[in-house]
Amino acid sequence: MFAVVITYKCPIEDVEKYHAEHVEFLTKQYDAGVFVASGRRNPRVGGVILASGVEKDELESILALDPFKRENLADYDVIEFIPSRMQPGFEAFIGE
(Lines give C-alpha, C1' and ligand atoms only; values in the text may rest on other atoms or scores of the structure.)
Protein backbone atom coordinates (compact mmCIF):
# COMPACT_ATOMS: atom_id res chain seq x y z
CA MET A 1 0.00 0.00 0.00
CA PHE A 2 1.12 3.54 -0.66
CA ALA A 3 0.49 6.97 0.76
CA VAL A 4 1.14 9.68 -1.80
CA VAL A 5 1.69 13.10 -0.24
CA ILE A 6 1.23 15.91 -2.76
CA THR A 7 2.61 19.38 -2.07
CA TYR A 8 1.74 22.30 -4.33
CA LYS A 9 4.67 24.32 -5.70
CA CYS A 10 2.62 27.24 -7.02
CA PRO A 11 -0.29 29.50 -6.07
CA ILE A 12 -3.63 27.72 -5.59
CA GLU A 13 -5.05 29.71 -8.52
CA ASP A 14 -2.68 27.85 -10.87
CA VAL A 15 -3.73 24.51 -9.37
CA GLU A 16 -7.44 25.34 -9.77
CA LYS A 17 -7.00 25.68 -13.56
CA TYR A 18 -6.37 21.91 -13.71
CA HIS A 19 -8.77 20.79 -10.97
CA ALA A 20 -11.47 19.35 -13.28
CA GLU A 21 -8.87 17.35 -15.21
CA HIS A 22 -7.34 16.17 -11.91
CA VAL A 23 -10.77 14.89 -10.78
CA GLU A 24 -11.09 12.96 -14.05
CA PHE A 25 -7.66 11.44 -13.42
CA LEU A 26 -8.69 10.41 -9.89
CA THR A 27 -11.97 8.88 -11.13
CA LYS A 28 -10.14 6.77 -13.70
CA GLN A 29 -7.82 5.38 -11.02
CA TYR A 30 -10.70 4.68 -8.61
CA ASP A 31 -12.48 2.83 -11.44
CA ALA A 32 -9.29 0.83 -12.07
CA GLY A 33 -9.16 -0.13 -8.38
CA VAL A 34 -5.81 1.58 -7.75
CA PHE A 35 -6.87 4.48 -5.52
CA VAL A 36 -8.45 3.71 -2.15
CA ALA A 37 -8.92 7.22 -0.76
CA SER A 38 -7.90 10.77 -1.59
CA GLY A 39 -8.44 14.29 -0.41
CA ARG A 40 -7.12 17.77 0.22
CA ARG A 41 -4.60 18.50 2.93
CA ASN A 42 -5.66 21.00 5.58
CA PRO A 43 -4.51 23.70 5.23
CA ARG A 44 -4.84 23.41 1.46
CA VAL A 45 -1.19 22.99 0.52
CA GLY A 46 -1.68 19.77 -1.45
CA GLY A 47 -3.39 16.43 -1.12
CA VAL A 48 -3.02 12.81 -0.10
CA ILE A 49 -3.83 9.64 -2.04
CA LEU A 50 -3.93 6.09 -0.68
CA ALA A 51 -3.23 3.50 -3.36
CA SER A 52 -2.87 -0.27 -3.48
CA GLY A 53 -2.69 -3.24 -5.81
CA VAL A 54 0.23 -1.93 -7.90
CA GLU A 55 4.01 -1.88 -7.66
CA LYS A 56 5.76 1.40 -6.90
CA ASP A 57 7.08 1.89 -10.44
CA GLU A 58 3.60 1.34 -11.87
CA LEU A 59 2.11 3.82 -9.39
CA GLU A 60 4.74 6.40 -10.32
CA SER A 61 3.83 5.93 -14.01
CA ILE A 62 0.17 6.44 -13.14
CA LEU A 63 0.93 9.56 -11.09
CA ALA A 64 2.85 11.02 -14.03
CA LEU A 65 -0.53 11.26 -15.80
CA ASP A 66 -1.97 13.55 -13.11
CA PRO A 67 -2.22 17.06 -14.57
CA PHE A 68 -0.81 18.53 -11.36
CA LYS A 69 2.34 16.45 -11.90
CA ARG A 70 2.37 16.81 -15.69
CA GLU A 71 2.22 20.61 -15.41
CA ASN A 72 4.87 20.63 -12.63
CA LEU A 73 2.45 22.22 -10.15
CA ALA A 74 3.21 19.84 -7.28
CA ASP A 75 5.78 17.50 -5.76
CA TYR A 76 4.78 13.88 -5.08
CA ASP A 77 6.23 11.89 -2.17
CA VAL A 78 5.35 8.19 -2.60
CA ILE A 79 5.59 6.31 0.70
CA GLU A 80 5.20 2.54 0.70
CA PHE A 81 3.93 0.95 3.89
CA ILE A 82 2.57 -2.38 5.07
CA PRO A 83 -0.53 -1.96 7.22
CA SER A 84 -0.18 -4.12 10.31
CA ARG A 85 -3.28 -2.92 12.12
CA MET A 86 -6.53 -1.54 10.76
CA GLN A 87 -10.25 -1.17 11.31
CA PRO A 88 -12.35 -4.23 10.38
CA GLY A 89 -13.22 -4.21 6.69
CA PHE A 90 -10.14 -2.30 5.59
CA GLU A 91 -8.40 -5.53 4.54
CA ALA A 92 -10.23 -5.36 1.21
CA PHE A 93 -8.29 -2.20 0.31
CA ILE A 94 -4.79 -3.50 0.98
CA GLY A 95 -4.46 -5.28 -2.37
CA GLU A 96 -2.25 -8.09 -1.14
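The values are calculated or read from the model by the stated rules, or taken from the named source; none is laboratory data. Since we're looking at a predicted model, the values are computed, not measured. With ideal geometry, Cβ positions are generated from the backbone for all residues, glycine too; neighbour counts draw on all protein chains shown.
Output the residue which, of all residues in segment 55-96 that are β-branched (Val, Ile, Thr) and at pLDDT below 95, is nearest to Ala32 (Cα to Cα). Don't jump to the end; show me each part of the working.
Taking segment 55-96 first, the residues β-branched (Val, Ile, Thr) are 62, 78-79, 82, 94.
From the residues that got through so far, the ones that are at pLDDT below 95 too are 82, 94.
On the way: Ile82: 21, Ile94: 14 Å.
Applying the filter and picking the extreme gives Ile94.
Can you find a residue in segment 78-95 that is free of Cβ contacts under 8 Å to residues at least 40 places away in the same chain and on the phi > 0 side of the Ramachandran plot? Spell out how you get there, then give the answer.
We begin by selecting, within segment 78-95, every residue free of Cβ contacts under 8 Å to residues at least 40 places away in the same chain; these are 84-92.
Applying the additional criterion that residues be on the phi > 0 side of the Ramachandran plot yields 89.
The answer is yes, given that some residue of segment 78-95 is free of Cβ contacts under 8 Å to residues at least 40 places away in the same chain and on the phi > 0 side of the Ramachandran plot.
So if I check each of Ser84, Ser61, which one is under 29 Å from Lys17 (Cβ atoms) and among the polar types (S, T, N, Q)?
Details: Ser84 fails: under 29 Å from Lys17 (Cβ atoms).
The match here is Ser61.
Of Val45, Val54, Val23, which residue is touching a strand residue (DSSP E or B) at 6+ places or on another chain (Cβ under 7 Å) and at negative phi?
Working: Val54 fails: touching a strand residue (DSSP E or B) at 6+ places or on another chain (Cβ under 7 Å); Val23 fails: touching a strand residue (DSSP E or B) at 6+ places or on another chain (Cβ under 7 Å).
Only one candidate passes the filter, namely Val45.
So, Glu60, is that one acidic (Asp, Glu), within 26 Å of Glu13 (Cα to Cα) and either in contact (Cβ under 8 Å) with a residue 12 or more places away in the chain or in contact with a Gly (Cβ under 6 Å, 6 or more places away or on another chain) (or both) or not?
Numbers: acidic (Asp, Glu): yes; within 26 Å of Glu13 (Cα to Cα): yes; either in contact (Cβ under 8 Å) with a residue 12 or more places away in the chain or in contact with a Gly (Cβ under 6 Å, 6 or more places away or on another chain) (or both): yes.
Against the criterion (acidic (Asp, Glu), within 26 Å of Glu13 (Cα to Cα) and either in contact (Cβ under 8 Å) with a residue 12 or more places away in the chain or in contact with a Gly (Cβ under 6 Å, 6 or more places away or on another chain) (or both)), Glu60 qualifies.
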